[in-house]
1. Can you match Rg and Dmax of the Cα atoms in Å to one of these, [x] 19.5, 66; [y] 12.6, 47; [z] 18.8, 67, based on a calculation from the structure here?
2. If I compute solvent accessible area with a 1.4 Å probe over the protein chains, what percent of it on the chain is carbon and sulfur?
3. With θ set to phi - 60° and the Karplus curve 6.51 cos²θ - 1.76 cosθ + 1.60, what are the ³J(HN,Hα) couplings of the range 9-15 in order, to the nearest whole Hz, using x for Gly and Pro?
4. Under a Cβ-only charge scheme (Lys and Arg +1, Asp and Glu -1), can you give me the dipole magnitude of the chain about the Cα centre, in debye to the nearest 20?
5. Please list, in order along the range 56-68, the HN-Hα scalar couplings obtained from phi with the Karplus expression 6.51 cos²θ - 1.76 cosθ + 1.60 (θ = phi - 60°), rounded to whole Hz, x for Gly and Pro.
6. If you count, for each residue, the other Cβ atoms within 10 Å and average over each peptide, how do 70-76, 30-36 line up from highest to lowest?
Amino acid sequence: MSRGADPHRQHGMQRAMVETAVFTYGLLASFVLSGAARNKRMERPNPALLTYIGYLLVGMSAAASVLLTGYAVWQSI
């Protein structure tokens, strides 16, 4: 029996990395949206860092959308 990497173990590690990324994304999105809603309610401007993180999340969402759509089209061909 070879001592190569176990494919089931690698799949589990990849899944854990994706779950961590999704959790972090959700946490940041929740922070940005709740902070922006609170600032709007209190009629205050958003801090620059909150705006920057918001734009970063929008960009990541758009990039993921394009990549996943391209992958879906590629798989259907």
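The values are calculated or read from the model by the stated rules, or taken from the named source; none is laboratory data. In this text the structure is predicted, and so the values were computed from the model without any measurement. Backbone-built Cβ (ideal geometry, glycine too); neighbour counts: all protein chains shown. The accessibility values were calculated without ligands, DNA or RNA, using every heavy atom of the protein model including side chains. Shrake-Rupley method; radii C 1.70, N 1.55, O 1.52, S 1.80 Å.
1. Of the labelled values, this structure produces [z].
2. On the way: 4750 of 7010 Å².
Using a 1.4 Å probe with all protein chains present, the chain comes out at 68 percent carbon and sulfur.
3. 5, 5, 4, x, 5, 5, 5
4. The dipole magnitude comes to about 200 debye.
5. My calculation for the range 56-68 gives 4, 5, 5, x, 5, 5, 5, 5, 5, 4, 5, 5, 5 Hz in order.
6. The densest-packed peptide leads the list: 30-36, 70-76.
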